[in-house]
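To keep things clear, I will list the structure first and then write my remarks on it.
The values are calculated or read from the model by the stated rules, or taken from the named source; none is laboratory data. Not measured: the values here are computed from a predicted model. A quick note on method: Cβ atoms are made from the backbone with ideal geometry, for glycine too, and the neighbour counts reach across all protein chains shown. For accessibility, only protein heavy atoms count, side chains too; no ligands or nucleic acids. Shrake-Rupley method; radii C 1.70, N 1.55, O 1.52, S 1.80 Å.
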Amino acid sequence: MGQTAVRTMSAKDRRNAERIATSLRGKVFPGQIDCVIADFSKMGARLKFEGAPPEESRMTMVVWSSGVAFDAQVRWRRGLELGGQVFSSRDLRRPPPPHLAAIQALWMKRRPRVGRRQLIASPVILHQRPRSQRFPAPYRQEF
């Protein structure tokens, strides 16, 4: 009797898209739970939490630095980590669908907006520079 070799596929072999290691700050909704996006691909992501991960099977995860929101389905849970499969994405800088309106409003408040007049009045802005410092000597043309 011959034995059949059983080949077990590793998780890397089963993936449709290559995952990229990251350490992006994110939030998961509902619940507004902070997380770290440990690795990411166009098909899914692995999220790490400091506390208990969300219990819901469907979630919206937001990459907080860029404002990109992903609707995802939880595929696995292991301790303080979970893996989610991404179904759709949306840029929160654009008009959102109704289910993302509250998340967009929260994301838009993440930093204070500085108006043009406030920026001009800021001591960080140099209002006038001496003429001789505008261009370095090799680039200055004398007429």
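For this structure, a couple of remarks:
- Taking every residue in region 78-102 that is open to solvent by 40 Å² or more (accessible area, probe 1.4 Å) and pairing it with any residue that is β-branched (V, I, T), at least 6 positions away or on another chain, the pairs with Cβ-Cβ distances below 7 Å are S89/V68.
- Region 40-52 residues that are without any contact (Cβ under 8 Å) to a residue 12 or more places away in the chain, paired with ones that are of a type in the set (K, R) (beta carbon under 8 Å, 6 or more apart): none
- Residues satisfying the stated conditions in region 16-43, i.e. touching a Phe, Trp or Tyr at 6+ places or on another chain (Cβ under 7 Å), open to solvent by 50 Å² or more (accessible area, probe 1.4 Å), within 14 Å of G83 (Cβ to Cβ) and assigned to a strand (DSSP E or B): none
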